[in-house]
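Presented below is the structure to which this report refers.
The values are calculated or read from the model by the stated rules, or taken from the named source; none is laboratory data. Bear in mind that the values here come from a model prediction, so they are computed numbers and not experimental data. Ideal geometry is used to build each Cβ from the backbone, glycine not excepted, and the neighbour counts take in all protein chains shown.
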Amino acid sequence: MEKKVKSRNVLDKLSSESREKFLKLGKIETRKKGDVLFIEREKIEHMYIILEGYVSLYRNSKYGDERVIFICTDGEIVNEVCLQDNKTSIAARALSDLRLLKIYVKDLDNFFENDYEAFKIVYNSLAHKLRRLYRQTGNSNGTFPIEKRLAARIWKLARDYGKDIDSGRKIKFEVTVTLLASMVGAKRETVSRIISKMKKEKLIKHDKGVLIVTDMDTLKTIV
C-alpha cells in the first residue's frame with residue numbers, strides 16, 4: 001500500500017494548549033448522513049471543523065448538476081472562506097453521520113489575535129485546498145480521458161479514505177455511481193459502464209455503495 005498521505009487534520013497540528021482553547025471556543029453539533037450543512041451563497045457566521053465523519057463540498061452547474069470539488073474528513077475545516085466572507089462559495093453535504101465543531105467567526109477573530117501559530121495553521125489549510133483545486137482542474141479537462149479521471153479518483157479515494165481488509169482496500173463511506181459521476185464531471189451512465197468494466201477486470205468490487213479496490217497497483221497504472 002502507498003505511504004499514508006500527509007495529514008490535513010488541523011486539530012492535530014495545533015499545540016495542546018491551542019487545541020484546548022480552540023475546542024472550548026465552539027460547540028459540538030451532530031448531523032445525519034445526507035444533511036446539507038449549507039448551500040452556495042448562503043450567509044453563515046461560523047466555521048465548521050469535522051470531528052468525525054465525511055463531508056462533500058460541491059457546486060451546482062447552471063443545469064442543476066452537482067460537481068463534487070472536495071471530500072473532507074476528521075480534523076479538516078469545511079469552510080475556511082468564512083474568515084474572509086460570510087457568504088459561502090460552495091455547498092456542503094454529509095456523506096456520513098457527523099460530529100462537528102461549530103465556532104463563530106467573531107470568536108475566532110479574538111482567538112487568532114492572540115495565537116498567530118493557530119491562524120497560520122488555518123490559513124495553510126485554505127492554501128492547501130487551493131493547491132488541490134489547481135491539480136484537479138488540470139486533471140478534469142475534456143482532453144483527459146474519462147477512464148483515467150475515474151481511475152485516478154477511485155485510487156485517491158481508496159488511498160486517502162480507505163482501510164485495508166482481506167479483499168483489498170475499502171473506502172469508508174458510501175460511494176455511489178452518482179457520487180463518482182459528480183466527482184469526475186461525467187454522465188452517470190458513462191461512469192456506470194466504466195465501473196462495470198473495472199469489476200470484470202477485478203480491479204474493484206462495487207455493490208450497494210460499498211467500494212473496494214482489489215488491486216491498487218494495477219489501478220494506479222491506468223491513471
Qualifying residue in the range 15-22 (condition: assigned to a loop (DSSP other than H, G, I, E, B), of a type outside the set (A, V, I, L, M) and under 20 Å from the mean Cα position of the chain (by Cα)):
no
Going by the conditions given, is A181 of a type in the set (A, V, I, L, M, F, W, C), touching a helix residue (DSSP H, G or I) at 6+ places or on another chain (Cβ under 8 Å) and not assigned by TED's automatic domain parsing to the domain that holds A94?
yes
Checklist (1) on the phi > 0 side of the Ramachandran plot; (2) modelled with pLDDT of 95 or more applied to L57, failing item
(1)
When I171 is evaluated against the numbered criteria (1) under 21 Å from V223 (Cα atoms); (2) out of contact with any helix residue (DSSP H, G or I) (no Cβ under 9 Å at 6 or more places or on another chain); (3) crowded, with 16+ Cβ neighbours inside 10 Å; (4) hydrophobic (A, V, I, L, M, F, W, C), which criterion, by number, is the only one it fails?
(2)
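In the range 29-45, what residues are in a strand (DSSP E or B) and either over 18 Å from L83 (Cβ atoms) or at pLDDT below 95 (or both)? Give the derivation first.
In the first step, residues of the range 29-45 are kept if they are in a strand (DSSP E or B); the result is 29-31, 36-38, 43.
E29, T30, R31, V36, K43, listed by residue number.
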Does D74 satisfy the criteria of being in contact (Cβ under 8 Å) with a residue 40 or more places away in the chain and touching a helix residue (DSSP H, G or I) at 6+ places or on another chain (Cβ under 6 Å)?
no
Using the structure shown, decide if L95 is among the hydrophobic types (A, V, I, L, M, F, W, C), at pLDDT 95 or above and buried (at least 19 other Cβ atoms within 10 Å of the Cβ).
yes
The condition of being in contact with a Leu (Cβ under 6 Å, 6 or more places away or on another chain) and buried (at least 17 other Cβ atoms within 10 Å of the Cβ) holds, among V177, V191, only for V191
Kindly evaluate K87 against the criterion of being over 18 Å from L14 (Cβ atoms), assigned by TED's automatic domain parsing to the domain that holds V210 and loosely packed, with under 14 Cβ neighbours inside 10 Å.
no
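For the range 94-120, which positions are touching a Gly at 6+ places or on another chain (Cβ under 7 Å) and either under 17 Å from K27 (Cβ atoms) or in a strand (DSSP E or B) (or both)?
Step one: list which residues in the range 94-120 are touching a Gly at 6+ places or on another chain (Cβ under 7 Å), which gives 94, 96-99, 101-103.
The answer is A94, L98, R99, L101, K102, I103.
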